[in-house]
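To start, the structure under review is shown below, and the notes come after it.
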Amino acid sequence: MLKKKNRILSIYPKKRSKDLFFVKLDNGATLEVSNSILTSESIKEGKEIDASNLENLLSKQEYQNLKNAGLALLSYRMRSKRELYEKLLAKNYDPTNIDLVLIDFEKNGWINDEEFGLAFSKDQINQNSLGPIALKYKLKKYINSDDMISKILSSIYSEIDIQSIIIKVLKKYTSDEIRGNHILREKIINKLKRKGHYWQDINDSINRYIEGGF
């Protein structure tokens, strides 16, 4: 247990780290503290620190560690607010602190669910030819707001024609093959349904493709 006041015996850099330092206290405890917090809190060798200030120091360092972890995850690719929350929670960070960090990230524009959703949707459509049913389901894994998901779907399918997505799948076959082979046609229809397209869009696209409308 920490004494009411503890003297800082030594401060020395952590190996292979540009920012972290070890702070050794006279009670035997050794803390890892970032250089920015050492400076802001005026932490120096020989200084005495009471329990309240020590708790404040540890809280600030926890927040900084959490922020760094979030930025590290974002350095790989865009992420939604929900995805980032779940990733940080899995690292055993405090949920309240995670919420505070994510608010900070949103204010700085480092996370934006609408931008993430649009980029994610375009990628899913380009790679997998997804329709609105399947795309909505996938977006629910990353975004909590149904209103935001609806906005993203409306925006993405106003930019990208649904029939052009379906035709991309149909073009693996000739119009004559689809017209003359009922089994093949049903196979294609079922495939497009699994990709989350509505029946009416599938039927209209197949008919136009067979008639040479594309």
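The values are calculated or read from the model by the stated rules, or taken from the named source; none is laboratory data. Predicted model only: the values in this text are computed from it and were never measured. When we count neighbours, we look across all protein chains shown, and the Cβ atoms used for this are built from the backbone with ideal geometry, even at glycine.
If you check ILE165, ILE149 for being assigned by TED's automatic domain parsing to the domain that holds ASP123 and either surrounded by 15 or more Cβ atoms within 10 Å (Cβ to Cβ) or part of a helix (DSSP H, G or I) (or both), only one passes: ILE149. Residues of region 122-159 being of a type in the set (Gly, Ala, Ser) and more than 19 Å from LYS193 (Cβ to Cβ), which ones? Scanning region 122-159 gives SER145, SER150, SER154, SER155, SER158. For region 86-109, taking the residues that are hydrophobic (A, V, I, L, M, F, W, C) and surrounded by fewer than 16 Cβ atoms within 10 Å (Cβ to Cβ), the one that is farthest from ARG194 (Cα to Cα) is identified as LEU100. Scanning region 1-37 for residues that are touching a Lys or Arg at 6+ places or on another chain (Cβ under 8 Å), among the hydroxyl-bearing types (Ser, Thr, Tyr) and under 18 Å from ASN65 (Cβ atoms) yields a single hit, THR30.
Please state which one of ALA134, ALA119 is in contact with a His (Cβ under 9 Å, 6 or more places away or on another chain), not in a loop (DSSP other than H, G, I, E, B) and not aromatic (Phe, Trp, Tyr).
Values: ALA119 fails: in contact with a His (Cβ under 9 Å, 6 or more places away or on another chain).
Sole residue among the options that is in contact with a His (Cβ under 9 Å, 6 or more places away or on another chain), not in a loop (DSSP other than H, G, I, E, B) and not aromatic (Phe, Trp, Tyr): ALA134.
For region 5-51, which fully contained strands (runs of 3 or more DSSP E) count at least 3 residues that are surrounded by 16 or more Cβ atoms within 10 Å (Cβ to Cβ) and touching a Pro at 6+ places or on another chain (Cβ under 7 Å)? Let's see the steps before the verdict.
On the way: elements: 5-13, 20-25, 30-34, 48-50.
In region 5-51, no matching strands (runs of 3 or more DSSP E) lie anywhere.
Can you pull out the residues in region 85-129 that are among the aliphatic types (A, V, I, L, M) and closer than 23 Å to LEU66 by Cα?
Residues of region 85-129 among the aliphatic types (A, V, I, L, M): 88-90, 98, 100-103, 111, 118-119, 125.
Across region 85-129, the qualifying residues are LEU88, LEU89, ALA90, ILE98, LEU100, VAL101, LEU102, ILE103, ILE111.
Hey, could you check region 163-202 for residues that are without any contact (Cβ under 8 Å) to a residue 24 or more places away in the chain and aliphatic (A, V, I, L, M) and say which is farthest from ALA134 (Cα to Cα)? Per the criteria, the residue is ILE183. Would you confirm whether any residue within region 70-79 is crowded, with 16+ Cβ neighbours inside 10 Å, at pLDDT 95 or above, small (Gly, Ala, Ser) and under 19 Å from SER36 (Cβ atoms)? Yes, the conditions are met somewhere in region 70-79. For region 38-97, the set of residues classified as in contact (Cβ under 8 Å) with a residue 60 or more places away in the chain and among the hydroxyl-bearing types (Ser, Thr, Tyr) consists of SER80 only. Summed over region 168-214, the residues that are in a loop (DSSP other than H, G, I, E, B), under 26 Å from LEU118 (Cα atoms) and modelled with pLDDT under 95 give a count of 1.
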